[in-house]
Each structure stands twice: as C-alpha cells, then as structure tokens.
C-alpha cells in the first residue's frame, strides 16, 4: 500500500515538474510580461519530444491523458513526437517520431496500472529511447512520466533516488 501511494505521489510530481519546465522554457524563450501573467504558457520553438510513460503507475495518471494530448497538439509546427510505454523491462514504442501531432496525441493510451507491467528500472528504457534521437536535428527533450523508482537492485528507499542507470540517462 505504501509503495502504491509513493508511486502515485512520484508520478504527480513528475507531471508537475514537466509542467514547470514547460512554463520556464516558454518564459525564458522571450515572452513579455503580459504573457507571463497569463495562464497560457507554450513551448515556442519546435522540438523533438519523446514522451515515455511507465505502464504500472496508478490509474490516476490516465486521468491526465487529455492534458497530455492537449500539450502535444499545442506544440509548435515542425515539432516531432514519439510516444512509448515502459513496461516489464522493455520500451514499447507506440508512436515513432512523427510531425503529425494529432496522430501522436491519439497514440496515448490508458496505463495498465498493474504490477504485472512493473518497469523494474525505467532509466534503462530512457537510455534506449535516447537512441531514437540520433538522426534528428534541433532541440531534443524527454518527458518521463514515472514513479522514478529503480528497483533493479532491490527496493531500498535510501538508494532509490540516485542510481547508475539514472546517471546514464542524464
């Protein structure tokens, strides 16, 4: 029970962090003071974005699919989006990089929310996804929706915050 609550909390923090980074990027990209005051922050430059979603997260994450779809559709013209799910130790690319933002948004699906889909170590799949950026030009970004827990070495709350695979992904 504690682990599921921790997973849910970490997933919400990941989403909040992603929203903050997006707002910061839009603000630092040259918006004026009236734009800063509005609640409509946008990514202003085209980018290549890999959206990676851990498949065993709490079902509450699926409640945010509309927000994620709207975010994808609001990306600037010329952006490319890949959608993948991290499940049972693999990266399942549901949508390879495409500039068709509507198609990318439609490729999002409800998470399985089952321990049978546990990622074990989400950062190995992040490193795998980074290889898909090799032939792309421009700004590259990853939006990781995950509990962030690497349980590959066993579950130890004191060491789960910083791991070798997290360092490799960074």
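Any read-out appearing in this document is the output of simple, stated calculations on the displayed coordinates, not a laboratory observation. Since the structure is predicted, the reported quantities are computational estimates derived from the model, not experimental observations. Using ideal geometry, Cβ is built from the backbone for each residue, glycine included, and neighbour counts are taken over all protein chains shown.
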Simple SL model, points at 7 angstrom along Cα→Cβ for residue 100 and residue 63; separation in nm is 3.2
Residue span residue 142 to residue 109: 0.36 nm per residue of separation minus Cα-Cα distance leaves a gain in nm of 10.1 nm
Packing-ranked peptide list from 122-129, 57-64, 137-144, 79-86, highest mean Cβ count within 10 angstrom first, is 79-86, 122-129, 57-64, 137-144
